[in-house]
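The structure appears right after this line, and notes come after that.
The values are calculated or read from the model by the stated rules, or taken from the named source; none is laboratory data. All of these numbers come straight from a predicted model, not from anything done at the bench. Don't worry about glycine lacking a Cβ; one is built from the backbone with ideal geometry, like all the others, and counts go over all protein chains shown. Quick note on the areas: whole protein, heavy atoms, side chains included, nothing else; ligands and nucleic acids left out. Shrake-Rupley method; radii C 1.70, N 1.55, O 1.52, S 1.80 Å.
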Amino acid sequence: MTERQSMQKTLREIIDGNVVNSIPQHVLIAGAEGTGKSYMITRLEQELTASGRYVCKFLYPHCNIVAADYIINKVSSPDGQRCVILVDDFDKMLEVLPNDEQYKMRAFLFKKNAPTLIATSTGLYEGFSDYRAPFYDAFRVLHIPQLAQDDIAEILSEDIYQKVKDLSEFQNAVPKLVGNLNYIHSLATALCENRGIEDVVKANDRYFRYMFSSLPNVQQRALYGLALSGETATSADVQKMSGLTAANTASALFRLEKQGIIAKIGDKKRNVTYQINDYLLWLWITNKK
């Protein structure tokens, strides 16, 4: 059993363990963009529905919800059984849901026989760790694990998987895609249509352009310099390629690392090597030179 299959089993055990007349335990599935959080709760919905459970889902686009009653009024189970609420991008919803409405929703969820909430979040929204926030300490947090080879066989349709599983371009690229389910699915589809990874990069051009342009100029230059230095580079390499001062290079790399855009390689204290975490972003930048 893979870690993801084990996590799916844990979710079902938590849901089934919320017995009658109890205050339910709610779960937050946390992980980076594209790691399969939406896919996991969609699979959970299918499993619960097939077993006769009443499920109320709020998938994208739902992030303009500004009143708790919008959800509360939709979750009454027709036969009296405990409802399961599935909310994708819960963190984004909270960004626009006023605090008084958040408190109202929390009060609703923490009553006896309340619905069980299974939500997803990109990372851990600050409102989950701030003791003054409405949803502080409201969830059991499960961090979604990286995709394993067995998971890839499961998320792709049988015909697509059989066509790409032995292709060297697919085998070589998958380890570099950092478990991003969307990238892997797009690459597999492209290869089946006699296209390559370059088409997947082009398909994500709008996202990469927005992400890159949202960075301060100094960080843009450092990221560009890192990309042009190769798949990995030292701070000195980045400084040379970007034309920044040593101080600005160090500051930019530090901030890019904190944002999760780049990472240090190894545990060296001197001549540290960096790489861009998103392989497709690296390809996108290098193609712009």
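Some points to look at:
- Each residue in the range 32-65 was checked for being within 30 Å of Ile262 (Cα to Cα) and basic (Lys, Arg), and 1 pass.
- Checked against the criterion of being within 29 Å of Asp278 (Cβ to Cβ), in contact (Cβ under 8 Å) with a residue 60 or more places away in the chain and open to solvent by 70 Å² or more (accessible area, probe 1.4 Å), the candidates Glu95, Glu3 yield just one match: Glu3.
- Residue check, Ala263 farther than 25 Å from Ile155 by Cα, touching a Ser or Thr at 6+ places or on another chain (Cβ under 6 Å), at pLDDT 90 or above and open to solvent by less than 40 Å² (accessible area, probe 1.4 Å): no
- Of all residues in the range 133-151, those being charged (D, E, K, R), open to solvent by less than 30 Å² (accessible area, probe 1.4 Å) and in contact with a strand residue (DSSP E or B) (Cβ under 7 Å, 6 or more places away or on another chain) number 0.
- Filtered by the rule that a residue be at pLDDT 80 or above, part of a loop (DSSP other than H, G, I, E, B) and not aliphatic (A, V, I, L, M), the range 133-162 gives Pro134, Phe135, Tyr136, Asp137, Pro145, Ser157.
- Meeting the requirement of 2 or more residues that are in contact with a strand residue (DSSP E or B) (Cβ under 8 Å, 6 or more places away or on another chain), the helices (runs of 4 or more DSSP H) wholly within the range 185-289 are 217-228, 235-242, 246-258, 279-286.
- Selected residue (only one of Leu215, Leu223, Leu228 is farther than 15 Å from Lys176 by Cβ, of a type outside the set (D, E, K, R) and in contact with a Ser or Thr (Cβ under 8 Å, 6 or more places away or on another chain)): Leu228
- Residue selected from the range 214-260 under the condition open to solvent by 70 Å² or more (accessible area, probe 1.4 Å) and of a type in the set (D, E, K, R), by the criterion nearest to Glu33 (Cα to Cα): Lys258
- Some residue of the range 63-72 being among the small types (Gly, Ala, Ser) and open to solvent by 80 Å² or more (accessible area, probe 1.4 Å): no
- Checking Gln8, Gln46, Gln102 one by one, the residue that is under 18 Å from the mean Cα position of the chain (by Cα) and either more than 12 Å from Ala119 (Cβ to Cβ) or in a helix (DSSP H, G or I) (or both) is Gln8 and no other.
- Per this entry, Lys57 is counted among residues that are in a strand (DSSP E or B), free of Cβ contacts under 8 Å to residues at least 60 places away in the same chain and of a type in the set (Lys, Arg).
- Under the condition of being open to solvent by less than 60 Å² (accessible area, probe 1.4 Å) and not aliphatic (A, V, I, L, M), the residues counted in the range 266-283 number 6.
- Applying the condition of being part of a loop (DSSP other than H, G, I, E, B), open to solvent by less than 90 Å² (accessible area, probe 1.4 Å) and in contact with a strand residue (DSSP E or B) (Cβ under 7 Å, 6 or more places away or on another chain) to the range 111-132 and asking which residue is modelled with the highest pLDDT yields Pro115.
- Residues of the range 17-31 classified as touching a residue at least 60 places away in the same chain (Cβ under 8 Å) and open to solvent by less than 60 Å² (accessible area, probe 1.4 Å), total: 9
- Verdict on Lys176 being in contact (Cβ under 8 Å) with a residue 60 or more places away in the chain, more than 30 Å from Val96 (Cα to Cα) and either in a loop (DSSP other than H, G, I, E, B) or not aromatic (Phe, Trp, Tyr) (or both): yes
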